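Q: Quick one: the structure is below, and I'll ask about it shortly.
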Amino acid sequence: MIRNAVTVIMLFAAQCFFYSAFAQGQTTVDEQQIIKTQTIQSRVNDIGSKLLNANKIEQRIVFVYNEKEKESLLTIDPSVMSREVILYDGYYQFIQNDDELAAYLARGILTAMKSYHGFFKGYLTALQIKAAPKKFEIVADKRAVDFMVNAGYNPLGLITFIQKSCPQKRFDTISTKNLASRRLAIIYEYIYTKYPYYLQNNTYLENEHYQNFLLSSTENRRLLMEKIKTQSKEDLKYD
């Protein structure tokens with residue numbers, strides 16, 4: 001009888017110890033996750049504010065790191081509706097330096113800025129962007145380059161970010177997005193013509209993702225060189 005009671009007590013004590021250790025371990029994991037989220041959020045805030053200040057953007061725009069939700073193609077961009085630039089974890093995993101983070105945030109800033117203008121206090125902007133998403137995508141890419149340069153970031157970071165994070169579709173005829181290769185070619189041409197310094201003093205030459213961009217954009221860059229040689233003003237039909 002006594003032996004059975006001792007056994008029960010020992011089992012109960014072991015169970016209590018197990019649950020206590022598990023709870024402590026879970027708390028440690030939760031605390032680490034909170035610290036990670038706060039660290040990323042602080043980094044996002046700093047780079048986002050630097051972009052706003054350097055480009056003298058007077059509209060209030062906030063930056064949010066969201067590690068759980070995913071970007072939805074069905075809902076209206078929160079940059080327009082809430083004036084929030086949301087960095088989803090699915091995109092953050094592709095970001096390796098401040099240039100690439102600035103590239104992502106800079107594109108969202110333009111969308112949020114547009115929400116301050118137009119009819120119905122900017123609500124019409126969402127409809128305009130939805131009506132011509134491909135055109136706006138190219139405009140956002142170019143303005144992101146401008147914002148980055150003004151804030152002291154290397155615009156080639158936009159190229160490496162897109163190179164890593166945007167898959168190459170077979171065609172974009174019925175898509176709401178441009179081919180990633182076409183976007184990259186247009187961005188490269190924009191940097192080449194407006195900000196040649198970054199290509200003449202290219203700190204990304206040793207970057208594997210930039211090297212991969214050069215490898216996969218050979219034909220589009222050849223078209224650009226022909227355009228420059230002939231001094232043509234026509235828009236190139238990049239693939």
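Q: Please work out the FRET efficiency for the pair Lys233 and Ser49, using the Cβ-Cβ distance as r and a Förster radius of 45 Å; give the result to the nearest 0.05.
A: 0.75
Q: Sticking with this one: Just subtract the alpha-carbon distance of Thr218 and Phe171 from 0.36 nm times their residue separation and send over the number in nm, one decimal.
A: Here the segment from Thr218 to Phe171 would lengthen by 15.1 nm.
Q: Here's another thing I want to ask about it. Give me a comma-separated list of calculated 3J(HN,Hα) values for segment 188-204, in order, Karplus coefficients 6.51, -1.76, 1.60 applied at θ = phi - 60°, integers in Hz, x for any Gly or Pro.
A: Each residue of segment 188-204 in turn: 4, 5, 5, 5, 4, 8, 9, 10, x, 3, 6, 8, 6, 10, 7, 7, 9 Hz.
Q: Follow-up. Once amide H atoms are built 1.01 Å from N in the peptide plane, which residues 5 or more positions from Asn66, or in another chain, come under 5 Å H to H?
A: Distant-sequence amide H within range of Asn66: Leu87, Tyr88, Asp89.
All of the numbers you see were taken from the coordinates with simple rules; none came from a lab. Just so it is clear, the structure is predicted and the values come from calculations on it, not from any experiment. Positions of Cβ are backbone-derived with ideal geometry, glycine not excepted, and every protein chain shown enters the neighbour counts.
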